[in-house]
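One structure is given here, and the rest of the page talks about it.
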Ligand SMILES: [Zn+2]
């Protein structure tokens, strides 16, 4: 039997539940369960689609380098013909630029530390 729920003159196309004239979505007795299912479905995509990674120490350029390298390696994937998506290529280019900046900063810091040692 078709669900008897109507909105703006259009009848719901779903099948009614056993011993009810409404479907699961429109049955007043299953309204709370329906809301729960919708909420679960919404958050399940986010939680099940992604795997959380270990938190990293992001306080200095030294600890940032492994993060950038790891991220580049995770993003760096090619199609079967060996081509790379423009978005991926741009993302990698941005990450590499940040990596070079961090490396420059580290070298500069190293030079300053060495100069300070000489001056003492
Ligand atoms: Zn319905």
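Each reported figure results from applying straightforward, stated rules to the coordinates on display, with no laboratory input. Quick caveat, the model's predicted, so the values are computed rather than measured. We place every Cβ from the backbone using ideal geometry, glycine too, and count neighbours over all the protein chains shown.
Among 76, 88, 11, which one shows the biggest mean-square fluctuation in a GNM of the chain, springs joining Cα atoms closer than 10 Å?
Greatest mean-square fluctuation among the candidates belongs to 11.
Tell me the angle of helix 86-119 to the major Cα principal axis of the chain, expressed in degrees between 0 and 90 and rounded to the nearest ten.
40 degrees
Sum -39500 (n - 2.57) across every DSSP H segment of at least 4 residues in the chain, then divide by the residue count to get the 222 nm mean residue ellipticity, nearest 500.
Result for the chain: -20000 deg cm²/dmol, rounded to the nearest 500.
Using only alpha carbon pairs under 8 Å that are at least six residues apart, calculate the relative contact order of the stretch 61-119 and give it in whole percent.
That works out to 43 percent.
Test of understanding: what is the full-extension gain from residue 84 to residue 25, defined as 0.36 nm times their sequence separation minus their Cα-Cα distance?
Working: separation 59, 0.36 × 59 = 21.24 nm, distance 4.38 nm.
Fully extending the segment from residue 84 to residue 25 adds 16.9 nm.
Once both axes come from the Cα atoms, what is the angle between helix 31-49 and the longest principal axis of the chain, in degrees from 0 to 90, rounded to 10?
Roughly 30 degrees between the two axes.
On a 0 to 90 degree scale, rounded to 10, what angle separates helix 61-75 from the longest Cα axis of the chain?
Rounded to the nearest ten degrees, it is 50.
Using the C-alpha gyration tensor of the chain, what are the square roots of 5 times its eigenvalues, in whole angstrom, with the largest one first?
For the chain, the semi-axes come out at 59, 20, 11 Å.
Starting from 0 in steps of 5 Å, tell me what percent of the Cα-Cα pairs of the stretch 61-119 lands in each bin.
Per 5 Å bin, starting at zero, the Cα-Cα P(r) for the stretch 61-119 comes out as 4, 18, 20, 17, 13, 10, 8, 5, 4, 2, 1, 0 percent.
What FRET efficiency would be calculated for the residue pair residue 1, residue 35, taking the C-beta separation as r and a Förster radius of 22 Å, to the nearest 0.05?
The calculated FRET efficiency here is 0.40.
Which whole-number percent gives the relative contact order of the chain, counting Cα pairs below 8 Å spaced six or more residues apart?
For the chain, the relative contact order is 14 percent.
Just to be sure I understand the model, the point goes 7 Å from the Cα along the line to the Cβ. What's the resulting residue 118 to residue 57 distance in nm?
2.9 nm
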